[in-house]
Amino acid sequence: MGQENKISNNNREFLLSALKSGTRVDGRGIYDYRTLRIEFGETSGTVYTYLGNTKVLVKISSQVVRPYVDRPTEGIVQFNTEIATLASPVFDAGKPTQMEVNISRTIEKVFHRNRVVDTESLCILANRKVWNIRVDVHFLDYDGNMLDAACIGIVAALKTFKRPDVTVDGEEAIIHSILDKPPVPLSINYAPICVTFGFFEDGEYMILDPGSLEEQVQTASLTMALNNQSEVCTINKAGGIPLSLDQVLRCIKIATAKIEEIHSIINEAVASQKK
Amino acid sequence: MTNQDTKTPNNIQRPDRRTATQIRPLSCKQGFLTQVDGSAQFAASNRSTVICGIYGPTEVKPQDEILDKAFIDVKYRPDVGIPGTKDTLSKVVLRDTFKHIIMRSLHPRTMIQLNFQVTQSDGSIEALAINAGVMALIDAGVPLKYTIAAVSCCIDVDGNALLDPTQDEMNDAVSIHTFAFSNIESDNNTPIYSNSTGKFSLEEYKMCFELCKVGANKILAFMKTCIETKISQLNQS
Amino acid sequence: MAQVKSHKIVLPGEQVSDLFENNQNEESNNSEVICLGPGLLQTGDQIQAINSGVLRHIPKTNKYWVQGNKRKYTPATGEPVIGVITAKHAEGYRVDIGSAHQATLPLLAFEGATKRNKPNLSIGALIYAKVSIANKDMDPEIECYNSDTGKSEGFGELKNGFTIRASLGFCHRLLTSDTPILSIIGQYLPFEVAIGLNGHIWVNAGEESHKKTVMIGNAIENAEHLNHNECQAMVKELMNRA
């Protein structure tokens, strides 16, 4: 299918000239996020994230596996971020688009390389049994900025997921059913949240949380992941026009303010779930 | 409504307090996805959920083009993990089922694509996928020969037939049967879809057939109510 | 009138012949001939629905059809559409009008166009056109003028402005003028609008008023499920906020 160039010149020009007068095509402010809503499914670790019309489902599951030979005392955390055609006809299974690659790589960097989940706590028996935590990210509806929505969903899911409890008896590990023993939450070092900026023309015009039309018109994008202490974990600028240092520093300042808002929404949702 | 067969007594208590012939509470919403041409989510007691999104009739790849009818493409993704052999089977089964329901000759040289995404699985996914597909096709306005509804039934170790089984019930079952029936009255005894796995006798099969027929009619009535509510809400404006 | 009876909601596969008979009893004029519109199909001596929606009936012509609402456009002759030019060939433009196949727009299908003097549209240009050929086995063809009078009648290239998407049913309602939203907005702001039955609505409130254009677009999008009074309240609130 692949429908890349379907926006008209009118919409492209309107978007740019409106931006110059400080107006965005959906009426929100330059640094506004769309309405963020988090919903939890029936099973633990199932989270629906709605960012405007963008919808992402995150599902966490666990399984006992043999550890990697070079890391015998560490559990495994796996991410599956394939984008299905369901989200938008531009995504065709088997042929990952640049956006898809970018999203998977960024999620991998933000959560994996930063060691968000304490993998050593996932070890049951060194060399023999560890937990494999699988994070499936399903992109249901694409209206721009799926990365931020996915990150928020993953954080909310990691915070609420519970794996079955295990008791180790010598060389034997007994995995308890959820009915026998209360399941245990994951141990998380910190919660990084992504904030994505879009840039237009020569980088002079900057917006937060680009929608799908804005993503198609923008000339560069910058994603920043910050943790709850407002420390920068990852900065990802995948191609596009060059940005000045001032611009990047300004982004960090804006991101720091936005992260607090997003964290409070996540924490509120997580708290209401735990009740 | 009550089945005369002694093997399906209504006094069986299932773990979720249903009787043997009771289906889980259904919920369905349509048109909630923005990029597709039609969408639906079909859920049983919020524990088993399937989403279906339709594209079409849309442009078709030259190698898939059929001169006098629409090409039907199905994508199926499980809720956990990447699609495997089992999911490819579901995909083929769904494609062959919907091929017979969609009036393909009305949209020649096009493609109608059904994208299934299981979002929560607690049994009877096969049936829920068919139901979600039908509701999504209706939402997309794709011409259909008839509306169908599917429901599963399993025979447990004691020989009891249980309608709309959960995952636990399916795991312990001796045989699992899924049927889909259309809303055409004269076709009441001819299922559109039938799939049975496991070891079972002809009597057991017949018992499940009857049970599923009643269940499917309930689901058809539910679908009708869903669409009526949706349309009457729209017409209020 | 038979209208009351014909507000019945049908699902694909349902027989509608029974409903017809009821209607015919109430009417005296020419009940023999029944005209079937979209969403209905005759198989043998039965008539069944193939789409879901409200069964509508015009007693005068004894015409029946199923009125549904969808997002994917299937071209029909005479309908106004908004499309984007995707390619230019020797004999015409290819235009994306949201249907399964792209439409052809002949180079000379414009008001006053001659072989020497014809509009030159660039790829990505937005046009308002009328479907001239619609056939399931052929690619649709569109034109930017009335071929009988040779006048443009408002069709042609749309300059500036912004396009939004809406459901096909809503666009239909906007064009048949029983939806008040456009006139309500008109009470507050002057603006131009073009409605394509392919679910595209083009809005323009003038060169320098992006905010107004966005606002009008939002108001139209919001109005789909609102009645007259709700529309009025919604537009008033939007205007006050601005």
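The values are calculated or read from the model by the stated rules, or taken from the named source; none is laboratory data. Since the structure is predicted, the reported quantities are computational estimates derived from the model, not experimental observations. In this analysis, Cβ positions are derived from the backbone assuming ideal geometry, glycine residues included, and neighbour counts consider all displayed protein chains. Heavy atoms of the whole protein, side chains included, go into the accessibility calculation; ligands, DNA and RNA do not. Shrake-Rupley method; radii C 1.70, N 1.55, O 1.52, S 1.80 Å.
For a test of the definition: using alpha carbon positions, the gyration tensor, and the 1.5 limit on a/c, classify the range C:162-241 as rounded, prolate or oblate. Taking the square roots of the gyration eigenvalues as a ≥ b ≥ c, the range C:162-241 is oblate. Placing dummy labels 7 Å off each Cα toward the beta-carbon, the span from B:TYR205 to C:ASN222 is 6.0 nm. In this structure, A:ARG12 and C:GLU111 have a Cβ-Cβ separation that, at R0 = 45 Å, corresponds to a calculated FRET efficiency of about 0.95. Could you look at chain C and say what percent of its accessible area is carbon and sulfur, using a 1.4 Å probe and all protein chains? Its accessible area is 49 percent carbon and sulfur atoms. Expressed as a whole percent, the accessible surface of chain B that belongs to carbon and sulfur atoms is 51, based on a 1.4 Å probe.
Kindly flag which residue pairs out of B:LYS29/B:LYS75; C:LYS72/C:LYS212; A:LYS59/A:LYS109; A:LYS237/A:LYS258; A:LYS159/A:LYS258; B:LYS29/C:LYS72 have an alpha-carbon separation exceeding 22 Å in this structure. Result: C:LYS72/C:LYS212 exceed 22 Å.
By the helix-only formula, in which each DSSP H run with n ≥ 4 contributes -39500 (n - 2.57) and the sum is divided by residues, chain C has a 222 nm mean residue ellipticity of -6500 deg cm²/dmol.
Over the range B:124-209, accessible surface divided per residue gives 35 Å², non-protein components excluded, 1.4 Å probe. The range A:75-152 and the range A:9-54 have Cα centres lying 22 Å from one another. Placing pseudo-labels 7 Å out from each Cα toward the beta carbon at A:ARG250 and C:SER17 gives an inter-label distance of 7.2 nm. Helix content alone sets the calculated 222 nm mean residue ellipticity of chain A: runs of n ≥ 4 DSSP H residues at -39500 (n - 2.57) each, divided across all residues, give -8500 deg cm²/dmol. This model, with +1 at the C-beta of Lys and Arg and -1 at the C-beta of Asp and Glu, gives the range C:99-222 a dipole about its Cα centre of some 160 debye.
For chain B, adding -39500 (n - 2.57) for each run of n ≥ 4 DSSP H residues and dividing by the number of residues yields -10000 deg cm²/dmol at 222 nm. For chain B, the longest principal axis of the Cα atoms and the long axis of helix B:125-140 meet at an angle of about 30 degrees.
For the range B:208-237, a reduction of at least 20 Å² in accessible area between the chain on its own and the assembled protein chains (probe 1.4 Å) is found at B:LYS224, B:ILE227, B:GLU228, B:ILE231, B:LEU234, B:ASN235, B:SER237. When the accessible areas of B alone and A alone are added and the area of the pair subtracted, with a 1.4 Å probe, the result is around 2300 Å², both sides summed. Seen against the Cα atoms of chain A and their longest principal axis, helix A:245-274 is set at about 50 degrees. What the range A:161-275 shows is 50 Å² of accessible area per residue, with the surface traced by a 1.4 Å probe over protein heavy atoms. With 21 Å as the limit, the listed pairs A:LYS95/B:LYS91; C:LYS88/C:LYS159; B:LYS69/C:LYS88; B:LYS230/C:LYS70; C:LYS118/C:LYS159 have B:LYS69/C:LYS88 beyond it between alpha carbons. The mean sequence distance of close C-alpha pairs (under 8 Å, at least 6 residues apart), as a share of the length of the range C:80-157, puts its relative contact order at 31 percent. The calculated FRET efficiency for C:ARG241 paired with A:TYR205, based on their beta-carbon distance and R0 = 25 Å, is about 0.60. In terms of the Cα gyration tensor, with a ≥ b ≥ c the square roots of its eigenvalues, is the protein assembly as shown rounded because a/c is under 1.5, prolate because a/b exceeds b/c, or oblate? Oblate.
Each of B:CYS28, A:GLN273, B:ILE227 was scored by the projection of its Cα onto the charge dipole of the protein assembly as shown, and the greatest displacement toward the positive side belongs to A:GLN273; charges sit on the C-beta of Lys, Arg, Asp and Glu. Summary of the geometry: the range C:89-157 and the range A:207-275, compared by the centres of their Cα atoms, lie 44 Å apart.
Remark: spin-label model distance A:ALA238-A:GLU261 equals 2.5 nm, labels positioned 7 Å along the Cα→Cβ axis.
Listed peptides A:41-51, B:64-74 appear in the order A:41-51, B:64-74 once ranked by packing, highest mean of other Cβ atoms within 10 Å at the front.
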